[in-house]
Structures are given as C-alpha cells and as structure tokens.
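Student: The structure follows.
Only the coordinates and a few stated rules stand behind these numbers; no lab work does. Note that this is a predicted model, so its numbers are computed, not measured. All Cβ positions, even for glycine, are placed from backbone atoms using ideal geometry, and neighbour counts span all protein chains on display.
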Amino acid sequence: PPSTPVVIARNLGRADESVVLATLATLDLETVDMLTILIVGNRQTRLLPGGEGARVYTPRGYEGKR
C-alpha cells in the first residue's frame, strides 16, 4: 500500500550520512542512487515518533501463525 514505510539511507558511514523516513507514496526516486540503501517495510511496519526522531518498527514472531 502507499502508506508502507520506507527507510532511505545514503552515504552510510560517511560524514554526510543521511537517513530519511518516507512512505511508498512520498518516496522520491530521484534521491536514490548507488550510494543509497532502501529498506521497504511490510503490512505490519509502523513509523513510531521519538524524542530523537521517528523510528521504523516491524513486529516479529510467529504467535498466531500456523
């Protein structure tokens, strides 16, 4: 769905490192290049607000699965 969270991480480990949170609907593919890592969530992934910025959370486990 368009509301699926996406992490856009660029230049990781470098001085100009950046991590931006978006959704599939707001993802600007013009900002993605060979130095970019995209992490795309799933139906259960949520953006959680926090004191130091938002976080992405996907619950794990097999409770309720058969």
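Student: Given H placed on each backbone N at 1.01 Å, which residues far from Thr4 in sequence or on other chains put an amide H within less than 5 Å of it?
Tutor: Leu24, Ala25
Student: Return the distance in nm (one decimal) between the two label points of a simple spin-label model at Ile39 and Thr58, each offset 7 Å from Cα along Cα→Cβ.
Tutor: With each label placed 7 Å out from Cα toward Cβ, I get 0.9 nm.
Student: Once phi is turned into ³J(HN,Hα) by the Karplus curve 6.51 cos²θ - 1.76 cosθ + 1.60 with θ = phi - 60°, what whole-Hz value does each residue of the range 19-34 show in order, with x for glycine and proline?
Tutor: For the range 19-34, the Karplus-derived couplings read 10, 10, 9, 9, 10, 4, 5, 9, 4, 9, 5, 5, 8, 9, 9, 5 Hz, x marking Gly and Pro.
Student: Can you list the equivalent-ellipsoid semi-axes of the chain, largest first and in whole Å, using the square root of 5 times each Cα gyration tensor eigenvalue? It would help to have the intermediate numbers written out before the result.
Tutor: On the way: eigenvalues 117, 41, 29 Å².
Semi-axes from the Cα gyration tensor: 24, 14, 12 Å.
Student: So who's got an amide H within less than 5 Å of the one on Arg55, skipping anything under 5 residues away but keeping other chains? H placed 1.01 Å off N, in plane.
Tutor: Leu48, Gly50
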